[in-house]
Amino acid sequence: MTDTITVNGTAHPMPDDPRVSLLDFLRQHIGLTGTKKGCDHGQCGACTVIVNGIRINSCLTLAAMHDGDSVTTIEGLGTPDEPSALQRAFLEHDGFQCGYCTPGQICSATAMLEELAANWPSDASESLEGRMSISGEEIRERMSGNLCRCGAYANIVAAIEEVAAGGKS
Amino acid sequence: MTVYFKQDEPDTSNRLDGMKQGVLGKSLSRVEGLAKVTGTAPYAAEYHIDGCAEGVLVTSTITRGEVVSIDRTSVLSMPGVIAVVDDEKMSTRAAQGTANEAPMQGPRQVCYWGQPIALVVAETFEQARDAAKHLKVEYREDAAAPLDPHAVEPEEQEDETVHQGDLAHAMAEAPHSVDVTITTKGHASAAMEPHAAIAEWDGDKLTVHASLQMPNYNITELADALDMEEDNIRLISRFVGGGFGSKLGLSEEVVAAALAAKQIERPVRVVQSRQQVFQTVMRRSETTQRLRFAADGEGRLTGFGHEALVSNLPGETFAEPALQSSHFIYGGENRELMLKVARIHLMTAGSVRAPGEAVGMPALESAMDVLAEKVGIDPVELRLRNIPERDPEKDLPFSSHKLAECLKQGAEAFGWQKGVRKPRQRREGEWWIGTGMASASRSHSIAEAKARVTLKADGTALVETDMTDIGTGTYTILAQIAGEMLGLQPDQVLVELGDTRHPRGPGSGGSWGASSIGSAVYIACNAIREELAEKAGTSEDRLELADGRTAAGQTLADLLQGKDISQEGHYEPGAIEDDFTAAGFGAFFAQVRVNHYTGETRVDRMLGAFGFGRVLNASTARSQCIGGITWSIGLALTEALEFDPRDGHLVNCDLAEYHVPVHRDVPDLDVLLVEERDGAASQIQAKGIGELGMCGGAAAIGNAIYNACGARLFDYPMTPDRVLAAMPE
Ligand code: FES
Ligand code: FES
């Protein structure tokens, strides 16, 4: 028990109100509004963050459940001066329009590429075991929890494919 | 200085093509893109304002009646609760697009299930949400509230009605005729950013951060709702997380936040929940459409009929204009068109991306596929044979017309197999595979627009307007237009949008944003060029500017001698609107797989070819197109609002139950931008592309389903249960 949540390397005290979701903690309590609220019900993926290396919907979990955890948000992946490879690829492939689903897509894709590298299978995988191939269909399946109403999917997949092919994320 | 220009004549000078910077039309990355991909772009709810209280709307649990009493004491003692607001000025529906007056007010009168009736304000969001759930409300319910559009006598929209010749006779005489009824379900915009506002008062001055498409109209709507002078209001919408029609008109949380902030003398933030957005903003009306065609032996139309029944609440002027492109896309001298609206008590119907053609074109293009089969010709050929020379009803020339090119180039690029088509030609395992096509058409709109352009003494430029960028690319294309005109790289042009302190833009809607505001920026830049030419001792038409220098090598900073030049461009469409029929045209081609046993449809590939005037940025234009095609997939296969027939409440009011396409539903998409210059469309020869990509695409999928498996469906969306029921054998 540390009574803190570490976000992008900085420890923050836990909120007093146990009803505060991790998402609202990030957005309202510590001012990291890069993580978006699209539905608050685990249906859209806009709030995706990486907790202890695993991507989750931050609206579906209470901040109180993350004592001692380490959270990475979009702000922790890169900055306008030093964007991550995925952030840059999204920019170059026009993998967004309004930009509201974008931090969630990028956080999700960042962790998803790690899952692929660790050979976690998905519904699109040929086999449950062995090496996972990085195909468009694998990426689409694994990213289907991140909605984009602007309909930038085709470009998002192209951006992720490029980074996946480059072996960096 | 303001330069006013009213466009009465087509502009065929294409002067932008003669400029030397060479940035317009290029695939440039979005200028605000880094802010979006790094999470640093602030959306409406994300401004930090000291002392801001949190408001949560309370919505009605009856369909029609009256709020008799609200028991404030039921929540005021709860921790953190500050106030319960039920001011009679609160709005109960979102304004329709371009309403320019207050939306419906008076929260005590309930007209639909889910209507906002009060706002609970507390110190924190969690406290407000909890209190809003516990607020005790007493209603008096009215008995009769019609909910079924087929159960009431509808009103005819007379300006849509066309009786020309004798369609019934033409059908009786014709060797080929079609008479089909096609239905579409209601749709939600479902923009990813929920509607949100933060209101703050300073004396009698009100500042609101909100998520709105049209601040130029919204400011008037808000002033009217609050009985204020516009000059005392500032609306800010720098980043809008998608709109698709849902943020055209002032929505309920804006008025509620402003009233609450006044009442408690503190800033107030109100963010609608996803469920509230679904119910309180806008639905696209369901439609029932009858299509009738008479055709000669070669498939040339001699008769054309399109009637549609749509619905809306009493008191709403909007009626889904499903016939919009049917008035001109195909010929046929005997014509019968009629639009009727049923008054029912479901939530407000209004604009959802491509109002009209989004549902009218899929119906029309499904019926055209039936006609092609009856005549026994290739469906592409059927369309080509029926492109009229002039508007068949108004007898006007088309401003430009790229349907034939789009059909031909699209067919070629897709690998469309020409000829008479038969269903069930290809099967792989459980899957039937087939292809289909459809035409695209979206009537063009253009609006008055103002923008200020300042060429700074240091040789950079600033563009200011209250126009918005809702994901459409406005920031980038305005930097490109100004850059092209003033000889600057776009990164030397700062574009400031979405703030009513700036000159009034046209707002983002009806695909008119880029061509309208682009024309205003063009006019302002032109005036700046004239001043520069004088300083450079030449004439404007000889002034060549690139990379901050004249052809003779003088820098802009040298010419400016330490002084800015600022010009406001004021564009207004004139006679061009009346002298031409203008539209964007295109063609869709789709290949689908349909499962023989489950009726599931998967889109394997899809291509759209579109002609929409000058392309301002090939990358953002293509993005608009793939967005539209993605919506076509949703419309064809999954999207449907489902209302409870007993009380009219929206049953699937969230993103788990209302099925927008997800990554795996959307294959790689091909887009052909069929370049053209349409001088009668706008001063910069551009039309819009935000909506064309979904105006007919669903029919390409529906027609491909028939070609694949032989199931001919007339009801959208074509869900597995419906496909199975229509599957032969
Ligand atoms: S906001 Fe968390 S999934 Fe939508
Ligand atoms: S970019 Fe707008 S929702 Fe994805």
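The values are calculated or read from the model by the stated rules, or taken from the named source; none is laboratory data. Since we're looking at a predicted model, the values are computed, not measured. With ideal geometry, Cβ positions are generated from the backbone for all residues, glycine too; neighbour counts draw on all protein chains shown. These accessible areas exclude ligands, DNA and RNA; they are computed on the full protein's heavy atoms, side chains included. Shrake-Rupley method; radii C 1.70, N 1.55, O 1.52, S 1.80 Å.
For segment A:68-84, a reduction of at least 10 Å² in accessible area between the chain on its own and the assembled protein chains (probe 1.4 Å) is found at A:74, A:75, A:80, A:83.
Over segment A:85-164, accessible surface divided per residue gives 33 Å², non-protein components excluded, 1.4 Å probe.
Using C-alpha pairs under 8 Å with a sequence gap of at least 6, the mean separation divided by the residue count of chain B gives a relative contact order of 18 percent.
For the residue pairs B:36/B:247; B:185/B:687; B:89/B:450; B:89/B:262, the alpha carbons lie more than 23 Å apart in B:185/B:687; B:89/B:450. Between A and B, roughly 4500 Å² of accessible area is buried in total, ligands, DNA and RNA not counted and the probe set to 1.4 Å. Across segment B:22-36, rounded Karplus estimates of 3J(HN,Hα) from the backbone phi angles (6.51 cos²θ - 1.76 cosθ + 1.60, θ = phi - 60°) give x, 10, 6, x, 6, 7, 8, 5, 4, 5, 9, x, 4, 5, 6 Hz, Gly and Pro being marked x. Compared with its chain on its own, segment B:217-253 contains the following residues whose accessible area drops by 30 Å² or more in the full protein assembly (probe 1.4 Å; ligands, DNA and RNA excluded): B:244. For segment B:419-502, GluC sites (Glu not before Pro) are listed when DSSP marks them as loop and at most 14 other Cβ atoms sit within 10 Å of their Cβ; the list is B:430. Over segment B:325-449, what relative contact order in percent results from Cα pairs under 8 Å that are six or more residues apart? The value is 34 percent. Sorted into 20 angstrom bins from 0, the C-alpha pair distances of the protein assembly as shown split as 15, 47, 34, 5, 0 percent. Return the residues of segment B:112-160 for which accessible area with all protein chains present is lower than in the chain on its own by 10 Å² or more; set the probe to 1.4 Å and exclude ligands, DNA and RNA. Residues of segment B:112-160 that lose at least 10 Å² of accessible area once the other chains are added: B:125, B:126, B:127, B:129, B:130. Per-peptide packing, taken as the mean over residues of other Cβ atoms within 10 Å, places B:121-128, B:395-402, B:592-599 in the sequence B:121-128, B:592-599, B:395-402 from highest down. For residue B:652, the residues 5 or more places off, or on other chains, whose built amide H falls under 5 Å of its own are B:642. Counting only trypsin sites (Lys or Arg not before Pro) that DSSP places in a loop and that have at most 13 other Cβ atoms within 10 Å, the longest clean stretch of chain A runs over A:1-130. Using C-alpha pairs below 8 Å separated by at least 6 residues, the relative contact order for segment A:53-150 is 26 percent.
Every helix of 4 or more DSSP H residues in chain A counts as -39500 (n - 2.57), and over all residues that averages to -8500 deg cm²/dmol at 222 nm. Pick out, in residue order, every one of the GluC sites (Glu not before Pro) in segment B:665-705 that is DSSP loop and has at most 14 other C-beta atoms within 10 Å; say none if there are none. Answer by residue number: B:675. Taking amide H as placed 1.01 Å from N in the peptide plane, the amide H of residue B:3 sits under 5 Å from that of B:568, B:569, B:570, each at least 5 places away or on another chain. Heavy atoms of the protein chains alone define the surface here; on that basis segment A:4-76 has 36 Å² accessible area per residue at 1.4 Å probe size. Under the shape rule built on the C-alpha gyration tensor, where the axes satisfy a ≥ b ≥ c, chain B is oblate, since a/c reaches at least 1.5 while a/b does not exceed b/c.
What you get for chain B, charging only the Cβ of Lys and Arg (+1) and of Asp and Glu (-1), is a dipole of about 1880 debye around the Cα centre. Over chain B, DSSP H runs of length four or greater, each weighted -39,500 (n - 2.57), average out per residue to a 222 nm ellipticity of -7500 deg cm²/dmol. Near the amide H of residue B:672, within less than 5 Å, lie the amide hydrogens of B:608, B:609, B:610, all on another chain or at least 5 residues away, with H placed in the peptide plane.
Ligands, DNA and RNA left out, the accessible area of the protein assembly as shown computed with a 1.4 Å probe is 46% carbon and sulfur.
Rounded to the nearest whole Å², what accessible area per residue is found for chain B with the 1.4 Å probe? Ligands and nucleic acids excluded, the figure is 33 Å² per residue. Taken one residue at a time, the phi angles of segment A:16-22 give Karplus couplings (6.51, -1.76, 1.60, θ = phi - 60°) of 6, 7, x, 7, 5, 6, 4 Hz. Gly and Pro are set to x. For segment A:108-158, GluC sites (Glu not before Pro) are listed when DSSP marks them as loop and at most 16 other Cβ atoms sit within 10 Å of their Cβ; the list is A:126, A:129.
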